[in-house]
Amino acid sequence: MTMSSTTDSLAVLTGMYAAEAEYLAAGGPGEASFDLLAPFFAPNVELHQADALPYGGTWRGHDGMTQFFLMMGQVWESFDMVDQTFLATGETAVVLTQVRARVRATGRELSFPILQAIKVKNGRITEVRPFYWDTRAIADACTMPTPTD
């Protein structure tokens, strides 16, 4: 591990999150261009989301990331990253994020942590693995209650 690679990883991550904020401020999925975020992600990036989530699965490449952000926009009315802590060692980084979010379909509000393991190589993010504290709580909040007779 070198100080330079750690600094580079942190620079990539802080730059990406700043670009994501700009992307969301410009209208986000379906409105803003993914081009704001593209420079931070390798062309073959892989994002692995828990299958239990409405946007679960593996998203690959810039097209996959674009589709992922569109799906997130359909699920979440708001998704605010309230507090973040970064830890980087070489090409591996961990980001702990406290999120406050509102589900578009149900109006339910949640507050939850996400821990992301992120790989950065040659100045670009190559892999993201988010870990949610309680995927069931998130999935349940996104599900409309069934009417009872």
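The values are calculated or read from the model by the stated rules, or taken from the named source; none is laboratory data. These numbers come from a predicted model, not from an experiment. All Cβ positions, glycine included, derive from the backbone under ideal geometry; neighbour counts span all protein chains shown. All accessible areas refer to the heavy atoms of the entire protein, side chains included, with ligands and DNA or RNA removed. Shrake-Rupley method; radii C 1.70, N 1.55, O 1.52, S 1.80 Å.
Select from the stretch 78-91 the residues that are at pLDDT 90 or above and surrounded by 14 or more Cβ atoms within 10 Å (Cβ to Cβ) and list them in ascending order.
Q84, F86
Which ones in the stretch 1-31 are at pLDDT 85 or above and either more than 19 Å from T97 (Cα to Cα) or among the polar types (S, T, N, Q) (or both)?
Across the stretch 1-31, the qualifying residues are S9, T14, E31.
Quick check, is A25 open to solvent by 70 Å² or more (accessible area, probe 1.4 Å) and aliphatic (A, V, I, L, M)? Before the answer, list the steps.
Values: open to solvent by 70 Å² or more (accessible area, probe 1.4 Å): yes; aliphatic (A, V, I, L, M): yes.
Judged against the criteria, A25 is a match.
What are the pairs with Cβ atoms under 8 angstrom where one residue, in the stretch 58-84, is without any contact (Cβ under 8 Å) to a residue 12 or more places away in the chain and the other, located anywhere, is open to solvent by 20 Å² or more (accessible area, probe 1.4 Å) and part of a strand (DSSP E or B)? Sequence gap at least six, or different chains.
Qualifying pairs under 8 Å: Q67/W59.
Which is touching a Leu at 6+ places or on another chain (Cβ under 9 Å), farther than 18 Å from T126 by Cβ and crowded, with 16+ Cβ neighbours inside 10 Å, of A19, A32?
Working: A19 fails: farther than 18 Å from T126 by Cβ.
Within the list A19, A32, the selection yields A32.
Let me confirm something: among A38, A42, A117, which residue is in contact with an Asp or Glu (Cβ under 9 Å, 6 or more places away or on another chain), open to solvent by less than 30 Å² (accessible area, probe 1.4 Å) and either over 24 Å from V12 (Cβ atoms) or not charged (D, E, K, R) (or both)?
Details: A38 fails: in contact with an Asp or Glu (Cβ under 9 Å, 6 or more places away or on another chain); A117 fails: open to solvent by less than 30 Å² (accessible area, probe 1.4 Å).
Matching residue, one of A38, A42, A117: A42.
Name every residue in the stretch 31-59 that is among the acidic types (D, E) and within 17 Å of V128 (Cα to Cα), in order of residue number.
Start the filter on the stretch 31-59 by keeping residues that are among the acidic types (D, E), which leaves 31, 35, 46, 51.
Within the stretch 31-59, E46, D51 qualify.
Out of L47, L53, which single residue is touching a strand residue (DSSP E or B) at 6+ places or on another chain (Cβ under 6 Å), of a type in the set (A, V, I, L, M) and open to solvent by less than 70 Å² (accessible area, probe 1.4 Å)? First the steps, then the outcome.
Numbers: L53 fails: touching a strand residue (DSSP E or B) at 6+ places or on another chain (Cβ under 6 Å).
Checking each option against the conditions leaves just L47.
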